[in-house]
2 protein chains.
Amino acid sequence: MATKQDIEEGLEFIPKFDDDGLIPAIAQDAKTGQVLMVAYMNRQALELTVQTGYAVYYSRSRQKLWKKGEQSGHIQKVQQILVDCDQDWLLLKVTVDAGQCHVGYQSCFYRALKKGTDKELKFIAEKVYDPHKTYKK
Amino acid sequence: MATKQDIEEGLEFIPKFDDDGLIPAIAQDAKTGQVLMVAYMNRQALELTVQTGYAVYYSRSRQKLWKKGEQSGHIQKVQQILVDCDQDWLLLKVTVDAGQCHVGYQSCFYRALKKGTDKELKFIAEKVYDPHKTYKK
């Protein structure tokens with residue numbers, strides 16, 4: 001059993017998967033620093049990501065492995081995999097082309113709360129591709 | 001009931017709290033783009049963050065609200081609150097001083113997986129403060 005000291009200060013990679021066998025991973029553009037998306041990995045997805053150098057996630061809704069970009073073409077080449085102090089979050093530094101969000105934006109974080117409100121959002125980005133052309137129903 | 005269209009393309013802020021009433025929030029340095037940490041908010045923590053302009057989280061281990069920096073002094077002034085396409089992740093752009101991780105580093109992501117391994121980490125940062133002096137046992 002790893003101690004808190006091992007986990008926080010050690011150099012053994014012991015990612016903590018939750019009760020569903022998943023660990024959340026943030027994908028950040030290695031060049032611009034933009035946070036692109038967050039998704040989950042199970043152990044196999046993490047292994048495949050390490051082995052292939054391309055981000056593979058686990059889709060909770062579809063209950064299957066999902067190579068990012070397998071349908072859209074917007075893959076993520078992984079430059080570095082970081083882990084946080086508790087080893088229960090991953091941060092992937094990735095190289096990407098345009099359009100990482102399935103809604104059509106570069107990042108999934110394309111809206112921000114308007115100042116002075118707690119209910120109203122504003123768009124802070126413009127779409128970079130047409131998802132209706134990319135994802136065929 | 002909000003539709004997928006409302007959630008993804010709308011301008012109403014309808015954050016999705018999980019079964020435990022929590023939503024994860026990534027804190028990113030507004031100036032440098034560095035991802036600093038990830039923590040959870042319940043509805044009250046989010047309200048207090050919006051109202052006060054400083055990040056307030058909910059500690060799952062201590063089961064209470066936690067104003068970031070209340071003990072360490074390393075507060076987070078919130079510049080912008082972003083939400084992702086599904087509205088189940090928040091991204092806070094924050095202004096901070098040095099030392100956002102309780103282990104002593106600027107960011108909680110101070111280790112990365114060594115190239116060519118799937119077990120071994122390396123440090124990619126140096127400590128910016130001594131946590132033993134900051135957090136009295």
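The values are calculated or read from the model by the stated rules, or taken from the named source; none is laboratory data. The structure displayed is predicted, hence computed values, not measured ones. Note that each Cβ is placed from the backbone with ideal geometry, even for glycine, and that neighbours are counted across all protein chains shown. For accessibility, only protein heavy atoms count, side chains too; no ligands or nucleic acids. Shrake-Rupley method; radii C 1.70, N 1.55, O 1.52, S 1.80 Å.
Per residue of A:47-59, what is the mean number of Cβ atoms on other protein chains within 10 angstrom of that residue's Cβ?
Mean inter-chain Cβ contacts per residue within 10 Å come to 1.
Point me to the residue of chain A whose C-beta lies closest to the A-onto-B rotation axis, rounding the distance to whole angstrom.
Its Cβ sits closest to the axis: A:Gly33, 1.
Quick one: Karplus J couplings for region B:16-30, per residue in order, coefficients 6.51, -1.76, 1.60, θ = phi - 60°, nearest Hz, x for Gly and Pro?
Values, residue by residue: 9, 7, 7, 4, 8, x, 10, 10, x, 10, 8, 9, 10, 4, 5 Hz.
Treating the angle as unsigned and between 0 and 90°, give the value, to the nearest 10°, between the Cα long axis of helix B:43-52 and the longest Cα principal axis of chain B.
It is inclined by approximately 80 degrees.
Just the number, please: buried accessible area between A and B, total of both chains, 1.4 angstrom probe, nearest 100 square angstrom.
4100
Is the shape of region B:71-137 rounded, prolate or oblate, going by the alpha carbon gyration tensor and its root eigenvalues a ≥ b ≥ c, with a/c under 1.5 for rounded and a/b larger than b/c for prolate? Could the numbers behind the result be given before it?
On the way: a/c = 2.52, a/b = 1.08, b/c = 2.32.
Cα axes put region B:71-137 in the oblate bin.
Rg (Å, one decimal) plus Dmax (Å, integer) for the alpha carbons of the protein assembly as shown?
For the protein assembly as shown, the Cα radius of gyration and maximum Cα-Cα distance read 18.2, 58 Å.
Given that compact globular proteins tend to follow 2.2 N^0.38 Å, what is the ratio of the alpha-carbon Rg of region A:10-55 to that value? Don't skip to the end; give the middle numbers.
On the way: Rg = 11.9 Å, N = 46, 2.2 N^0.38 = 9.4 Å.
After normalising by residue count via 2.2 N^0.38 Å, the value is 1.26.
Measuring with a 1.4 Å probe in the full set of protein chains, what accessible area per residue, in whole Å², belongs to the protein assembly as shown?
In whole numbers, the protein assembly as shown has 52 Å² accessible per residue.
Under a Cβ-Cβ cut-off of 9 Å, what is the net charge of the residues other than B:Ile23 that fall near it, where Lys and Arg count +1 and Asp and Glu count -1?
Computed value for this residue: 0.
Sort shortest first the distances from A:Gly33 to its counterpart in every other copy, using label points 7 Å along the Cα-to-beta-carbon line, and give them in nm.
The projected label point of A:Gly33 is separated from its counterparts by 0.7 nm.
Among residues other than B:Glu120 whose Cβ falls under 11 Å from its Cβ, what is the net charge (Lys/Arg +1, Asp/Glu -1)? Walk me through the numbers on the way to the answer.
Values: positive: B:Arg111, B:Lys114, B:Lys115, B:Lys119, B:Lys122; negative: A:Glu12, B:Asp118.
Once all neighbours under 11 Å are counted, the net charge is +3.
Determine, at each q value in 0.22 (inverse angstroms), the log₁₀ of I(q)/I(0) that the Debye formula gives when each Cα of region A:39-80 is one equal point scatterer.
After summing over all Cα pairs, the log10 values are -0.64.
Under 12 Å from the Cβ of A:Val96, count the other residues' Cβ atoms, weight Lys and Arg +1, Asp and Glu -1, and hand me the total. Let's see the in-between values first.
On the way: positive: A:Lys31, A:Lys68, A:Lys77, A:Lys93; negative: A:Asp29, A:Asp97.
In short, +2.
Straight-line reach only, C-alpha to C-alpha below 15 angstrom: list the aspartates and glutamates that B:Lys127 could link to, leaving out same-chain residues fewer than 8 apart.
Once the sequence-local aspartates and glutamates are set aside, what remains near B:Lys127 is A:Glu8, A:Glu9, A:Asp84, B:Asp97.
Take a quick pass over region A:58-118 and tell me how many lysine pairs come in under 29 angstrom between Cα atoms, counting only ones 8 or more apart or on separate chains.
Eligible lysine pairs with Cα atoms under 29 Å apart amount to 8.
Put the label 7 Å from Cα along Cα→Cβ for A:Asp88; what are its distances to the other copies, in nanometres, shortest first?
For A:Asp88, the inter-copy label distances come out at 1.8 nm.
Write down Rg/Rh for chain B, rounded to two decimals, with Rg from the C-alpha atoms and Rh from the Kirkwood relation over Cα pairs. List each step's numbers first, then the result.
On the way: Rg = 16.5 Å, Rh = 16.3 Å.
Rounded to two decimals, Rg over Rh is 1.01.
Note down the relative contact order for chain B as a percent, whole number, built from C-alpha pairs under 8 angstrom at least six residues apart. Spell out each step's value before the answer.
Details: 249 pairs, mean separation 28.4, N = 137.
The normalised contact order for chain B reaches 21 percent.
Over what distance in Å are the Cα centres of region B:1-69 and region B:72-100 separated?
When both Cα centres are located, 8 Å separates them.
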